[in-house]
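The values are calculated or read from the model by the stated rules, or taken from the named source; none is laboratory data. This structure is a prediction, so every number in the text was calculated from the model and none was measured. A quick note on method: Cβ atoms are made from the backbone with ideal geometry, for glycine too, and the neighbour counts reach across all protein chains shown.
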Amino acid sequence: MTKPLAGIQILDLTHVLAGPFCSMTLADLGAHVIKVERPGTGDDTRAFPPFAKGKSAYFAALNHGKKSIALDLKVDSDRDIFERLLARADVILENFRPGVMERLGYGWDDLHAQFPRLIYGAVSGFGHTGPEAKRPAYDMVVQSRGGVMSITGEKGREPVRVGASIGDIVAGMYLGQGILAALFDRERSGTGRKIDVSMLDSQLAILEHAVAITTVTGTPPVPTGARHPSIAPFETFHASDGLFVIAAGNDVLFEKLCVALNLPLSDDPRFATNPARVENARLLKRLIEAVTIDKTRAHWIAKLGAAGIPSGPIQDVAQVLRDPQILARNMVVDVLDRNGRPAFKAAGNPIKMTGLGDPTVRPAAPDLDADRGEILRWLNEGH
């Protein structure tokens, strides 16, 4: 099988999460990723717990299968190696604060003039333009400022961040989309493009219902716990042994739900349409729970599933890692150590594609500068 990005060379200067998440996805699709790290310490996440045999599981989950070389871009000999790498790269990725690459002499204008086919991918907190472009940011900062925290949590309680680092991850996903679009365009134009992705922009981009509600009503939405503000019933419900979720997203599904629960509500004007159900969501929840509280979660999930109604358990991560559907899709993979032995578990590749292998193992994450010799030999072979 030939992976779709086989032969694409990526020079990855990014660290921590947004950029490495992007390059990990591209590597899973077949790209060859050379990770350029700071001498001595490397990527910050090498020091992030938990550890196994002195290695960071966090680092391994994001950097498996990449190659590492340590370069100080202020040292002439390392700059020479870096520029030889640039000459053979298809894509360069960086997540420095805007202006850093320019001061090093490797900003977009400089690189595009010297390497016109090179694609330049940048991800930063606030982007490369605007009055606050050079402000520092982390995931929580953009979740907060971008509006996500304002709609996350329980009504009347303090705002909370989303448990996953979606400020970084969503930006990394958008950066990957931009890289793929630029690679496609280069096949026609012959020239590279710059992709400038802001973590803050990316948070706004995922607030589909919140933007719609705010711009139409003039009132921004507030946290609603697990309940969707524009669809009902679409939240958690109590069974006899705990909570589970029901997501009846249209009138047909609601009617099926009423039949399954033996609740004659589908013709009630308070619940006959989705806008009416949203208006009366609290009452609807009580009426549904008056039925569901008598039997277990497993009972209701099985019954609703048989009726074609979306529902499911609320699983912790340990349960997710044992979920038969997850396992059947190769979504839990082993990351090997440098001796070929399983060392860590990581999430698999959610992009399933014909002709793209879906192995249950991933190559080892690189030790800092471990691939210098291999990379230099590869450069010499190119001459």
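What's the total number of residues in the range 335-360 that are out of contact with any Phe, Trp or Tyr (no Cβ under 7 Å at 6 or more places or on another chain), surrounded by 13 or more Cβ atoms within 10 Å (Cβ to Cβ) and within 16 Å of T25 (Cα to Cα)?
Summing the residues that are out of contact with any Phe, Trp or Tyr (no Cβ under 7 Å at 6 or more places or on another chain), surrounded by 13 or more Cβ atoms within 10 Å (Cβ to Cβ) and within 16 Å of T25 (Cα to Cα) in the range 335-360 gives 6.
Given the options L261, L265, name the one that is touching a residue at least 24 places away in the same chain (Cβ under 8 Å), outside the structural domain of E158 (by TED's automatic domain parsing) and of a type outside the set (V, I, T).
After applying the criteria, what remains is L261.
Residue-wise test of (1) touching a Pro at 6+ places or on another chain (Cβ under 8 Å); (2) in contact (Cβ under 8 Å) with a residue 40 or more places away in the chain; (3) outside the structural domain of L13 (by TED's automatic domain parsing).
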position	(1), (2), (3)
K53	no, yes, no
Y58	yes, no, no
L62	yes, yes, no
D76	no, no, no
A89	no, yes, no
E94	no, yes, no
M101	no, no, no
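Results for (1) in contact (Cβ under 8 Å) with a residue 12 or more places away in the chain; (2) assigned to a loop (DSSP other than H, G, I, E, B); (3) within 24 Å of the chain's Cα centre (by Cα), shown as yes or no for each residue.
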{"site": "V142", "(1), (2), (3)": "yes, no, yes"}
{"site": "E158", "(1), (2), (3)": "no, yes, no"}
{"site": "A171", "(1), (2), (3)": "yes, no, yes"}
{"site": "A182", "(1), (2), (3)": "yes, no, yes"}
{"site": "R188", "(1), (2), (3)": "no, no, no"}
{"site": "T191", "(1), (2), (3)": "yes, yes, no"}
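Considering only the range 109-122, state which residues are in contact (Cβ under 8 Å) with a residue 60 or more places away in the chain and either in contact with a Pro (Cβ under 9 Å, 6 or more places away or on another chain) or buried (at least 20 other Cβ atoms within 10 Å of the Cβ) (or both).
Scanning the range 109-122 gives L118, I119, Y120, G121, A122.
Scan D90, D28 and give me the residue that is more than 21 Å from the chain's Cα centre (by Cα) and at pLDDT 95 or above.
D90
Scan (1) within 30 Å of K256 (Cβ to Cβ); (2) in a strand (DSSP E or B); (3) not basic (K, R) for the single condition V335 breaks and write down its number.
(1)
Go through V75, V16, V36 for me and flag whichever is at pLDDT 95 or above, of a type in the set (A, V, I, L, M) and within 19 Å of M199 (Cα to Cα).
Only one candidate passes the filter, namely V16.
Is it the case that the range 275-294 has a residue that's part of a loop (DSSP other than H, G, I, E, B), under 28 Å from F244 (Cα atoms) and hydroxyl-bearing (S, T, Y)?
no
Do you know which residues across the range 295-315 are part of a helix (DSSP H, G or I) and touching an Asp or Glu at 6+ places or on another chain (Cβ under 7 Å)?
Within the range 295-315, the subset part of a helix (DSSP H, G or I) is 297-306.
Within the range 295-315, R297 is the sole residue that qualifies.
How about the range 18-39: which of its residues are in a loop (DSSP other than H, G, I, E, B) and surrounded by fewer than 24 Cβ atoms within 10 Å (Cβ to Cβ)? Steps first, please.
At the first step, the residues of the range 18-39 found to be in a loop (DSSP other than H, G, I, E, B) are 29-31, 38-39.
The answer is L29, G30, R38, P39.
Name the strands (runs of 3 or more DSSP E) wholly inside the range 40-129 in which the number of residues that are in contact with a His (Cβ under 9 Å, 6 or more places away or on another chain) and basic (K, R) is 1 or more.
Result: 67-70.
With (1) outside any loop (DSSP other than H, G, I, E, B); (2) within 22 Å of T45 (Cα to Cα); (3) under 20 Å from the mean Cα position of the chain (by Cα) as the list, and Q177 as the residue in question, which single condition is left unmet?
Of (1) outside any loop (DSSP other than H, G, I, E, B); (2) within 22 Å of T45 (Cα to Cα); (3) under 20 Å from the mean Cα position of the chain (by Cα), only one is false for Q177: (2).
Just to check your reading of the model, which residue among A232, A226, A212, A247 is closer than 21 Å to V170 by Cβ and touching an Asp or Glu at 6+ places or on another chain (Cβ under 9 Å)?
The conditions single out A226.
Within the range 240-253, is there a residue that is assigned to a loop (DSSP other than H, G, I, E, B), closer than 17 Å to T152 by Cβ, within 24 Å of the chain's Cα centre (by Cα) and in contact (Cβ under 8 Å) with a residue 24 or more places away in the chain? First the steps, then the outcome.
The first filter runs over the range 240-253 and keeps only residues assigned to a loop (DSSP other than H, G, I, E, B), leaving 240-241, 248-250.
Filter once more, keeping what is closer than 17 Å to T152 by Cβ: none.
Checked against the condition, which is being assigned to a loop (DSSP other than H, G, I, E, B), closer than 17 Å to T152 by Cβ, within 24 Å of the chain's Cα centre (by Cα) and in contact (Cβ under 8 Å) with a residue 24 or more places away in the chain, the range 240-253 yields no hits at all.
Report the residue count in the range 144-155 for those that are in a loop (DSSP other than H, G, I, E, B) and among the β-branched types (V, I, T). First the steps, then the outcome.
Applying the first criterion (in a loop (DSSP other than H, G, I, E, B)) to the range 144-155 yields 146-148, 152-155.
Filter once more, so that each one left must be among the β-branched types (V, I, T): 148, 152.
Adding up the residues that qualify gives 2.
Residue check: is M149 at negative phi and out of contact with any helix residue (DSSP H, G or I) (no Cβ under 6 Å at 6 or more places or on another chain)?
Details: at negative phi: yes; out of contact with any helix residue (DSSP H, G or I) (no Cβ under 6 Å at 6 or more places or on another chain): no.
Against the criterion (at negative phi and out of contact with any helix residue (DSSP H, G or I) (no Cβ under 6 Å at 6 or more places or on another chain)), M149 does not qualify.
Considering (1) of a type in the set (A, V, I, L, M); (2) in the same structural domain as G54 (by TED's automatic domain parsing); (3) surrounded by 17 or more Cβ atoms within 10 Å (Cβ to Cβ), say which one I301 fails and leave the rest.
(2)
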